[in-house]
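Read the structure below first, then the notes.
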Amino acid sequence: MRRIKNEEIKFEFPADKFLEEICAEFVELFYSHPLVLEEIGYIGFADARGWDLGVQSSKFKVQSPENELRITIYESSENKIQKPKSKIQNQVDAVVIGTGAGGAPILARLAQAGLKVVALEAGKSFEYAKFATDEREQSKLFWTDERLSAGENAVAFGNNNSGCGVGGSTLHFTAYTPRPQADDFRIFTEFGVGRDWAISYEDLEPYFDELEWFLGVSGASPYPWGKQRRKGYPLPPLPLNGAARLMQRACEKFNIQTAPAPNAALSQDYFQEKIGVRHACTNRGFCQAGCSVGAKGSMDVTFLPLAVKHGAEIRSECFVTEFEFDSQGKIKAVVYSQNGKTEKINCSNVFLCAGGIETPRLLLINNLANSSAQVGRNFMAHTGVQVWGVFDEEIYPHKGIPGGLISEDTHRPQAKFNADFAGGYLLQSIGAMPVTYVSQLARGEKIFGSELNEWMQNYNHTAGINILGDCLPHANNFMELADEKDVRGLPKPRVYFSHGENENRMTAHAEKLMREIWTEAGAKKMWTFQRNAHIIGTCVMGDDAADSVVNKNGQSFDIPNLYIADNSIFPSALSVNPALTIMALALRTADRFLEGGI
Ligand SMILES: Cc1cc2nc3c(=O)[nH]c(=O)nc-3n(C[C@H](O)[C@H](O)[C@H](O)COP(=O)(O)OP(=O)(O)OC[C@H]3O[C@@H](n4cnc5c(N)ncnc54)[C@H](O)[C@@H]3O)c2cc1C
Ligand code: SF4
């Protein structure tokens, strides 16, 4: 990735940054070596007890009996994607582009309704059981095509913010799955900034219910914040790891309510109708490197096997480049490259779900769906500042479910926490795999050599908290096509991102609070990693064709048989992790399409 400053768009990489990047790459390599890992006390595979050392927990309420897992029927077949017997012929009802949080639910829904559907996915198909407990080996899950990143807060890509493979970014997401709250959809009405959604919480609520039970979300019931879940979570909470327990203890002192986070990782074996049984999380802690247990609700073990069972075909390593149109301006074929050859599939409808960068990039390359001039605009990335502390206790940050504890007390912190910004954030405890951690430390603190090693000697005593906060759309934050070409000869995307005053105030507020929490928990020293997470906006949804790319059902205003369902259509960032909402929107778009309502 290359970083360039907003005011000096010369496409040069400053020498000091270049050196930093080289050093950081070397640091990653060095700390990947087994002997170095052994030296910092990293003890390999997480087991069910390793994370339990040292840190005392206070109690939290567990699930009421009626919400405990009821379905314990085991099917003989494992939940892996079965290969279809034959290729669907080259004329289909719908082509779905991308198989991540947006594409996979749509593919399944359309296939279940009996439609002939094919998914085209740029990435490879992986067998989850073969995922290694090795961060460098698992970097194959990242989208590593170069993206030019510009602005004061240039967003990091690669292992951050993007995935590539059958299952998309969910292959290496952390599986935090909190719901947005109702007021998240009305930030403009509430604060006079940003943009309201054209739909409400209530429009998505049935889909949240369905998704939580389909994926097997583990969480606290009742959940302390927002509207009550009608059925509660299907599974009891996952055990809290070291960071979660420290955060829980300290938050009690500040009267900040916490709960085990809703997480789409299974706290018990779980049976999914028409898929089979998925096994419970083993606290391996490597969610962001791919779950080799199948416990994490990534798309490759949930919606995609369901889709294939109902006749959908998934074509991996197929990169979509173009579209062909009929005389009425409807898409009649999707063109893609596979093994260096150009292929084509004829179709009646297209669901574009390539994510917040590739979706607008494909549209801009083809000059499509952009009568509003909004394609690529409205780029947002959640405020996601992290504070890391070093403690006396043994924490083993790579063990246990990394997405452990949550607090939404800061959802609207204006009164209780004296906040001076619009929107809000949530607090989450975080785990860290060693190479990811050292890479952040080197890049964030710009320390190398013995100073870095000193911090890493404390790796097993390290715990993190981060926030997931709103981000407003600003005119100077957007994605465009660069003149430079990628290996396919297509223009590279260039993304501009700078915090506005609101993001700066929120970040400063959250950093202060998190430092207070870690001080209370007994941190001996701390450091802050400034970051933004998730790629949001760029094909905004709305009621008006003049300022929106798609309508509230995900349908393009310009091309009637083109639908977009991914992170790009969010009008505002929401102060929660996005995947559950992306999936809910995708299911809603599929249902509205099937009802003929769009
Ligand atoms: C490390 C990490 C941790 C995360 N943790 C969480 C979390 O805890 N909770 C949460 O809610 N969210 C989390 N996220 C974010 C979440 O995973 C994403 O927001 C979500 O998966 C985005 O869904 P999407 O459908 O928009 O895109 P993706 O899931 O990225 O899917 C897009 C797919 O389209 C494919 N594609 C792109 N271009 C083309 C093309 N031209 N032709 C064919 N295929 C193409 C890509 O290969 C990819 O598979 C995390 C993300 C990362 C990277
Ligand atoms: S912690 Fe659980 S969900 Fe995450 S990788 Fe390990 S087994 Fe999978």
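Quick note: the coordinates plus some simple rules give every number you see, no bench work behind them. Not measured: the values here are computed from a predicted model. All Cβ positions, glycine included, derive from the backbone under ideal geometry; neighbour counts span all protein chains shown.
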Next on the checklist: Using the Karplus curve 6.51 cos²θ - 1.76 cosθ + 1.60 with θ = phi - 60°, what ³J(HN,Hα) values do you get for each residue of segment 373-389, in whole Hz, with x for Gly and Pro?
Outcome noted: 6, 9, 5, x, 7, 6, 5, 9, 9, 3, 5, x, 4, 10, 10, 10, x
Checklist entry - Hey, what do the phi angles of segment 257-266 turn into as Karplus ³J(HN,Hα) couplings, whole Hz, using 6.51/-1.76/1.60 and θ = phi - 60°, x for Gly and Pro? => result 6, 10, 8, x, 6, x, 9, 7, 10, 7
Item to check | Flagged links, alpha-carbon separation over 32 Å, of Lys485/Lys512; Lys140/Lys274; Lys296/Lys524; Lys399/Lys524; Lys130/Lys330 | outcome: Lys485/Lys512; Lys296/Lys524; Lys130/Lys330
Item to check | Amide H contacts of Thr321 (H built 1.01 Å from N, under 5 Å, at least 5 apart or other chain) | outcome: Val335, Tyr336, Ser337
Checklist entry - In whole Å, how far is the Cα centre of segment 287-323 from that of segment 519-598? => result 20 Å
Item to check | Cα centroid separation, segment 108-176 to segment 200-219 (Å) | outcome: 22 Å
Next on the checklist: Out of all DSSP beta bridges in segment 14-595, what portion is antiparallel? Express it as a percent rounded to 5.
Outcome noted: 70 percent
Next on the checklist: Per residue of segment 279-284, what does 6.51 cos²θ - 1.76 cosθ + 1.60 with θ = phi - 60° give for ³J(HN,Hα)? Whole Hz please, x for Gly and Pro, Karplus curve as stated.
Outcome noted: 8, 5, 4, 9, 6, 5
Checklist outcome for this item: Footprinting proxy, Ile535, Ile357: sorted fewest to most Cβ within 10 Å, the residues are Ile357, Ile535
Next on the checklist: Run the reach check for Lys231 against aspartates and glutamates, Cα to Cα strictly under 14 Å, same-chain hits fewer than 8 apart removed. What comes back?
Outcome noted: Glu66, Glu68, Glu205, Asp209, Glu210, Glu212
Item to check | Cut-off under 5 Å, modelled amide H: who pairs with Ile395 long-range | outcome: His461, Thr462
Checklist entry - Rounded to the nearest 500 deg cm²/dmol, what is the calculated helix-only ellipticity per residue at 222 nm for the chain, with -39500 (n - 2.57) per DSSP H run of length n ≥ 4? => result -7500 deg cm²/dmol
Checklist entry - Within segment 163-230, which chymotrypsin sites (Phe, Trp or Tyr not before Pro) sit in a loop by DSSP and count at most 10 neighbouring Cβ atoms inside 10 Å? => result none
Checklist outcome for this item: Computed from the beta carbon distance with a Förster radius of 35 Å, FRET efficiency for Asp196 and Ala415 to the nearest 0.05 stands at 0.95
Next on the checklist: With angles folded into 0 to 90 degrees, how steeply does helix 434-445 sit against the dominant principal axis of the chain? Use alpha carbons for both and round to 10.
Outcome noted: 80 degrees
Checklist outcome for this item: Note: Asp547 to Asn346 extended length (0.36 nm per residue) minus current alpha-carbon separation gives 69.3 nm
Next on the checklist: Roughly how far apart, in whole Å, are the Cα centres of segment 463-517 and segment 393-461?
Outcome noted: 17 Å
Next on the checklist: So for each of 539-549, 25-35, 573-583, 493-503 I average, over its residues, the number of other beta carbons within 10 Å; can you give me the resulting order with the highest mean first?
Outcome noted: 573-583, 493-503, 539-549, 25-35
Next on the checklist: For a quick check: sort Thr177, Thr133, Thr342 by the number of other beta carbons within 10 angstrom, fewest at the front.
Outcome noted: Thr342, Thr133, Thr177
